[in-house]
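Working notes, beginning with the structure itself.
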Amino acid sequence: MTNWQTQVLRQFNQNNPLYLVLDRDQLLLDELILTSLQKENIQVVNFNDSILFRYEFEREYRTRIDQRDGCLLVRAEGQDYNVFPYDLLQSGQRVRLDLANIFSKFSAQIIRQLDVEVFDALYAAQERYQGSSSNKDTRDFLTKHIYRLPYDLVYTRAELWKLLLTIHYELDFIPDVVKEYIVDTLKQKKDLIELPIKELVFSSSFFYSYLETEWSTFVHQVHNLAVAQSGVATEDAGYYEAHPFTTPYIKGILDNLFGEGLLQPVAGLPANGLPAWMHVGMKIDTKRTDTTQLEHLYKRLKESTFNDYRYKEWNKLAELYGQFKNRAILTGTYTQEVAEISNQFEVPFEKWMLQNYGSLSTLPHLPLPKMVHHIPHYLATQQENKLALLVMDGVGFVQWAQIREELIREGLAFEEHGVFAWVPTLTSVSRQSIFSGMKPFYFANSISTTNKESALWNTFWEDQGVPRNNVTYQRSLGQETYEKENILPLKQPNVRVYGAVIDIVDRMLHGAVQGARSVSSELRIWLETNYLYRLIKDLKEAGFTIYITADHGNRESVGIGRISEGVLAETKGERVRIYDSKELRDFAAEKYDQTLKWNDSGLPDHFHVLLAKNGTAFVNRGETIMSHGGISIEEVIVPFIKVIF
C-alpha cells in the first residue's frame, strides 16, 4: 500500500460505525483503498440522490450500524456537511479528504483533473519535485516525469509519431489537461505547423486513421520506386531511409499495430522486391496475414501476468482475447491455443471478481464508465445535441471484433473501451441496469423481466432534465429487413435521446448448434445485410452521436447436469440458478460440484445466485451450448464504443 493511500485509510476504523466523508477529489474511490476497506468490513456508499440513498441505507446498513456490525462510510463530493441527512449528522463522525493536503507541492487545480490511478507515481515523485505549485510547473512535471512524454524534444514527424504512439498505444489514459499542454507546445513547432496536432493528440481513432493513410502512401511510394530501380527495394537504397516508418521504434511497433487490428494492411500490391519488415502491413496472402496476426495475439496473451490486475488491465485483456478468439474461429485454427489462453486467466479472473467486483459500482462514471449502469450517467455528461445508445444483446468482445472489422470496411472508426456487466450476466438484470442507470436492487420488482426498460429509460432522462417527448426507446431490432421508416427517431424529429435493443445476436447464441462457430457464421451473414451500418449511417445523418454497448457477453459451456432446485431466471441463462433463500442456495452449493456461491452484490434481498464454474452449465451432462449468466471474462466484460465518422 502506498503512502498516500495509507494517509487516507488511517482516518477510518471500526471504532466508529458511521463516517460522513466529504471527498470532492474522489480519493476514497481508489480501487486499492476500496479493496482494503472491504477486507476490514468497512463499506463505502455514495450519497448522490437522497431518495435512492435512503432506500439503500435502510435496506442494507441501518441495522448493521445499530448493531455495530462493521462500519459504513457515506461519501459526498460537496464542500458542506449539510448535504447529509439530519439523522446521520447527529451520529456520524465527520471527515474531510482533500487532495491539496496530500499533494501540497503541486497545483491542486491541475491534480484534480488527473485519474486517481496516477497518484501512486505522483506521491512517490513528490520528494524530488523542485518546481513551484503553479499550473505551468505542475503540468510540465506531470507530462515529463509521470506520463514520461518528452513533448519538448519533438521537432520532426518521426518524433511526433513516437510521442503519439506512446499516448495512444502504450498509455491507458491521459487527462485532457496534459493533452492540452502538449498541443499548445507542439503547435509552436515550425515543422509541425501544418499538421492537425489537436486531433492527433486527442483522438486515438483520428491518429490511427491518419497513420494508416500515411502507411498506404509510403508503401505505394516504395513499390513505385522499387519498380523504377529494377524491382528491388533494399534497406540501404537511400530513397526512404529518412521516412518516419523506417526509424527503429516505429518499425518495431508495426507488428503490434497490424497484429491487433489498429491499422489495416495495404492490399493489391506484390511483396516482391520490398523489404521483409514491410510485409506485416501488406495483405499479400490472406491466410498468411491471419496466421501472422494470430501468432502475434497469442504471444501477447501468453505473456500476460495477472498479479495485481485492476479493472483496466482486465478490460484490455478481454479486448485482446476477443480479437484472438474471433480470428481463430474465422480461420478454423489455433483452437488449442484459444483453450489454453482461456484456462490461463479463468481462475485468476474468478478470484479477482470475488474480491473486487463489489467495489466497482462505487467507482465514478467519469472519465469513463466502469459498469454498465454508469453508461447513461456518462452519456448525460457529454452534452451531445442528440445521442443514440445501441445495446447489442449478448455481444461480447469476440463478436465485437467481427462486427468491428465489417464496420471498418464501411469507413467507420471507433473509440473503444470495456465495461463490466452486472452479475448474474442475464438480460433482465444487466440490460435493465443499463436503461435505468441503477443497481439491480433498485428495480427488484421487475428484475425478472425487461418490460419496464422503456419506463426506466424515460425516467432516467427526465431526471436529467430531458422532457419525455424528447426520449424514445425501441427493442427487438435486427431480425427484420432494415427499413429507415421503422426506426423511431428517424420519423420523430423531436427525439434527442434514443435507446435501442438489437437482440439478433442473442438469438443466434441460443440457437447455435455448433457453438461459437455457428454464431460467427450467422453473424457474418447478418452483417452482410448491412443492417447495422445502415442504422448507424441514418442516425448519424439525423444528427445523432452514436454509442454501442452490450448487456452481457457469452461463452461456450459444457453441461454438468440439471439442478432441480431454484429458479432459472431466464430459460437461456443456463450458467446461473436463482434462489429466494440464501440457505437453500448455500445448501445447493454444498450439494453440487462445479458451483460457486456469488456474493449477491447489488442484488435484491430475494435474489441469491448460484453460478456454474469453469465453463460448465446446468444442462444435460456433456451437452455443449452457448450461454451466459456466469462470471467468466467473456460474459462479464463487454464493449463500450463511440462511433467516429
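The values are calculated or read from the model by the stated rules, or taken from the named source; none is laboratory data. Here the structure is a predicted model, which means the values were calculated and not measured. Positions of Cβ are generated from backbone atoms using ideal geometry, with glycine treated the same way; all protein chains shown enter the neighbour counts.
All but one of (1) in contact (Cβ under 8 Å) with a residue 40 or more places away in the chain; (2) part of a helix (DSSP H, G or I) hold for Gln336; which doesn't? Result: Gln336 fails condition (1) only. Of the residues screened, Glu634 is not one that is over 19 Å from Gly358 (Cα atoms), acidic (Asp, Glu) and in contact (Cβ under 8 Å) with a residue 60 or more places away in the chain. Looking only at residues in region 32-71 that are among the small types (Gly, Ala, Ser) and under 27 Å from Gln5 (Cα atoms), which one is surrounded by the most Cβ atoms within 10 Å (Cβ to Cβ)? The selected residue is Ser36. Would you please name the residue that is nearest to Thr138 (Cα to Cα), looking only at residues in region 153-188 that are touching a residue at least 40 places away in the same chain (Cβ under 8 Å) and not in a helix (DSSP H, G or I)? Only one residue tops the list, namely Pro175. Among residues of region 85-96 that are assigned by TED's automatic domain parsing to the domain that holds Val74, none has a Cβ under 6 angstrom from a residue that is of a type in the set (Asp, Glu) and surrounded by 14 or more Cβ atoms within 10 Å (Cβ to Cβ) at a sequence gap of 6+ or on a separate chain.
Among residues of region 108-126 that are without any contact (Cβ under 8 Å) to a residue 24 or more places away in the chain, those with a Cβ under 7 angstrom from a residue that is of a type in the set (Val, Ile, Thr), sequence gap 6+ or separate chain, pair up as Ala125/Ile146. Can you tell me which of Glu485, Glu480 is assigned to a helix (DSSP H, G or I) and either farther than 30 Å from Ile525 by Cα or not aliphatic (A, V, I, L, M) (or both)? Among Glu485, Glu480, only Glu485 is assigned to a helix (DSSP H, G or I) and either farther than 30 Å from Ile525 by Cα or not aliphatic (A, V, I, L, M) (or both).
Exactly one residue out of Val471, Val505, Val519, Val495 is farther than 30 Å from Leu596 by Cα, in contact with a helix residue (DSSP H, G or I) (Cβ under 9 Å, 6 or more places away or on another chain) and touching a residue at least 40 places away in the same chain (Cβ under 8 Å): that is Val495. The residue list Ala228, Ala276 contains one member that is at pLDDT 85 or above, over 23 Å from Leu149 (Cβ atoms) and surrounded by fewer than 17 Cβ atoms within 10 Å (Cβ to Cβ), which is Ala276.
Of all residues in region 458-478, those that are in contact with a Phe, Trp or Tyr (Cβ under 9 Å, 6 or more places away or on another chain) and closer than 18 Å to Leu535 by Cβ total 5.
Residues in region 575-615 that are in contact with an Asp or Glu (Cβ under 8 Å, 6 or more places away or on another chain), closer than 21 Å to Glu635 by Cβ and of a type in the set (A, V, I, L, M, F, W, C): Ala588, Leu596, Phe607, Val609, Ala612.
With respect to (1) assigned to a loop (DSSP other than H, G, I, E, B); (2) more than 26 Å from the chain's Cα centre (by Cα); (3) without any contact (Cβ under 8 Å) to a residue 40 or more places away in the chain, the lone exception for Leu274 is condition (3).
Here's the yes/no breakdown for (1) more than 23 Å from Pro367 (Cβ to Cβ); (2) in a helix (DSSP H, G or I); (3) among the basic types (Lys, Arg); (4) within 14 Å of the chain's Cα centre (by Cα):
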{"residue": "Val395", "(1), (2), (3), (4)": "yes, no, no, yes"}
{"residue": "Ile403", "(1), (2), (3), (4)": "yes, yes, no, no"}
{"residue": "Ile408", "(1), (2), (3), (4)": "yes, yes, no, no"}
{"residue": "Glu416", "(1), (2), (3), (4)": "no, no, no, yes"}
{"residue": "Val423", "(1), (2), (3), (4)": "yes, no, no, no"}
{"residue": "Ser428", "(1), (2), (3), (4)": "yes, yes, no, no"}
{"residue": "Ser433", "(1), (2), (3), (4)": "no, yes, no, no"}
{"residue": "Asn445", "(1), (2), (3), (4)": "yes, yes, no, no"}
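The set of residues in region 99-111 that are surrounded by fewer than 15 Cβ atoms within 10 Å (Cβ to Cβ) and of a type in the set (D, E, K, R) is empty. Considering only residues in region 117-143 that are closer than 27 Å to Asp80 by Cβ and surrounded by fewer than 20 Cβ atoms within 10 Å (Cβ to Cβ), the one that is farthest from the chain's Cα centre (by Cα) turns out to be Ser133. Taking into account only those residues within region 376-401 that are farther than 25 Å from Gln479 by Cα and touching a residue at least 40 places away in the same chain (Cβ under 8 Å), which is surrounded by the fewest Cβ atoms within 10 Å (Cβ to Cβ)? Result: Asn385. If you take the residues of region 302-315 that are closer than 25 Å to Ala612 by Cα and touching a residue at least 24 places away in the same chain (Cβ under 8 Å), which of them is surrounded by the most Cβ atoms within 10 Å (Cβ to Cβ)? Among those that are closer than 25 Å to Ala612 by Cα and touching a residue at least 24 places away in the same chain (Cβ under 8 Å), it is Asn315.
When you look at Ile525, is it over 25 Å from the mean Cα position of the chain (by Cα) and crowded, with 18+ Cβ neighbours inside 10 Å, yes or no? The answer is no for Ile525. Give region 617-645 a look and list any residue that's assigned to a strand (DSSP E or B) and modelled with pLDDT under 95, or say none. Within region 617-645, Ala617, Thr624, Ile625, Met626, Ser627, Ile644 qualify.
Within region 132-148, the only residue that satisfies the criterion of being free of Cβ contacts under 8 Å to residues at least 12 places away in the same chain and either part of a loop (DSSP other than H, G, I, E, B) or among the hydroxyl-bearing types (Ser, Thr, Tyr) (or both) is Ser132.
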